[in-house]
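Since the structure comes first, as structure tokens, the remarks are kept for the end.
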Amino acid sequence: MKLPELKIANFTARIPLIQGGMSIRVSTSALAAPVADCGGIGVIGGSALPTEDLRADILKAKSMTDGIVAVNIMYAMKDFYNLVMTSIESGIDMIITGAGFSRDIFKIGREHNVPVVMIVSSPGIAKLAEKMGAAAIIVESCEAGGHLGTDRPLREIFPPIREIISKVPLIAAGGITNGYEMAEMMDKYGADGIQIASRFVLSEECDVDDNFKQAYLNATKEDIVITSSPVGMPGRAINTKFVSSMAQGADTKVKKCLHKCLKKCDHHYCISERLLSARAGKLDDGLFFSGANTYKMKEILPVAEIFRQFVTQAESVYKEGRGFDPIAS
């Protein structure tokens, strides 16, 4: 059966798939635009970018595609509101946010007619986001890469949130690696769509260094671990030399903050430097955020082929979900 479209506010994605917004400079226009062209929602990782760099990348993405382009900005960022306003002024279609909760962002979204999508990991925050005016809600589980808001798996946390969210689309995220799992989340669990991130790192269009992609390709299940983050949340990453040494008690504390990117930072290492090192392919020094199931992915493919495989697999088993019905609502 054909997959349904994903309708968020006034936007309709032909394929109910959101590409996760990975920072720093992992999800750029080079990735977001082809995702949007394929009928999904392409997302630029906006956290920790200088505002002028973010503006330039949004404008570039919008010039490359007529599809839907969003930006993901963590509320934990010190310049959160500047990044939000820069995105809006640059013509972004929607804003996705998490890692903290901003009530003001929904008011800003309404004032500028820009939908706000909230990432949550619990029923309480999901219900609050719906009440405050979120245009859609992404339920992100412990299988996700990067910062984690829960230690519970997707198939455990999604159902209770699905039971209480009925006014807006609900998206499943965390550890989804193929179209069969996409169909499962939509058909069995009632998701209105999915968000995937790690799979798109292993795309031809993702413009990180080849060593970054090789770190994914070479990773075993045991290589993907939970580590600490200066953000104040645990994170899932590949167990590189840096991550391993930190776990063994090595002194990685930053004496002087160069980036000043976070509202609250314990400075036990500089996350901006480590993420930028990963993007540059520095295997020993980088922080390579990774989903729990990255070890299952063994090919670098064009974005269009990733979409083709997900859609073909999903539609071969998909029957009928029980998710959000915009007409009924």
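The values are calculated or read from the model by the stated rules, or taken from the named source; none is laboratory data. What you see is a predicted model, and the numbers here were worked out from it, not measured in a lab. When we count neighbours, we look across all protein chains shown, and the Cβ atoms used for this are built from the backbone with ideal geometry, even at glycine.
Points to keep in mind about this one:
- The numbered conditions (1) touching a helix residue (DSSP H, G or I) at 6+ places or on another chain (Cβ under 6 Å); (2) surrounded by 21 or more Cβ atoms within 10 Å (Cβ to Cβ) are all true for Ile18 except (1).
- Sole exception among (1) out of contact with any strand residue (DSSP E or B) (no Cβ under 6 Å at 6 or more places or on another chain); (2) surrounded by fewer than 21 Cβ atoms within 10 Å (Cβ to Cβ) for Phe212, by number: (2)
- For region 62-85, a tally of residues being under 18 Å from Ala48 (Cα atoms), crowded, with 20+ Cβ neighbours inside 10 Å and without any contact (Cβ under 8 Å) to a residue 60 or more places away in the chain returns 6.
- Comparison of Val231, Val225 shows that the only residue that is touching a Cys at 6+ places or on another chain (Cβ under 9 Å), assigned by TED's automatic domain parsing to the domain that holds Arg279 and farther than 19 Å from Ala70 by Cα is Val231.
- Residue count for region 228-242, restricted to those that are outside any loop (DSSP other than H, G, I, E, B), of a type outside the set (Lys, Arg) and free of Cβ contacts under 8 Å to residues at least 60 places away in the same chain: 2.
- Matching entry among Ala304, Ala278 (being modelled with pLDDT of 95 or more and either in a loop (DSSP other than H, G, I, E, B) or crowded, with 21+ Cβ neighbours inside 10 Å (or both)): Ala278
- Filtering region 79-118 to residues that are outside any loop (DSSP other than H, G, I, E, B), closer than 19 Å to Thr12 by Cα and in contact with a strand residue (DSSP E or B) (Cβ under 7 Å, 6 or more places away or on another chain) leaves Met94, Ile95, Ile96, Gly109, Val116, Val117, Met118.
- Of the helices (runs of 4 or more DSSP H) lying entirely inside region 146-218, those carrying at least 1 residues that are farther than 19 Å from Gly124 by Cα and assigned by TED's automatic domain parsing to the domain that holds Asp284 are 210-218.
- Residue that is surrounded by the most Cβ atoms within 10 Å (Cβ to Cβ), among those in region 136-145 that are assigned to a loop (DSSP other than H, G, I, E, B) and of a type in the set (A, V, I, L, M, F, W, C): Ala144
- A single member of Ile88, Ile58 is aliphatic (A, V, I, L, M) and either at positive phi or buried (at least 21 other Cβ atoms within 10 Å of the Cβ) (or both), and it is Ile58.
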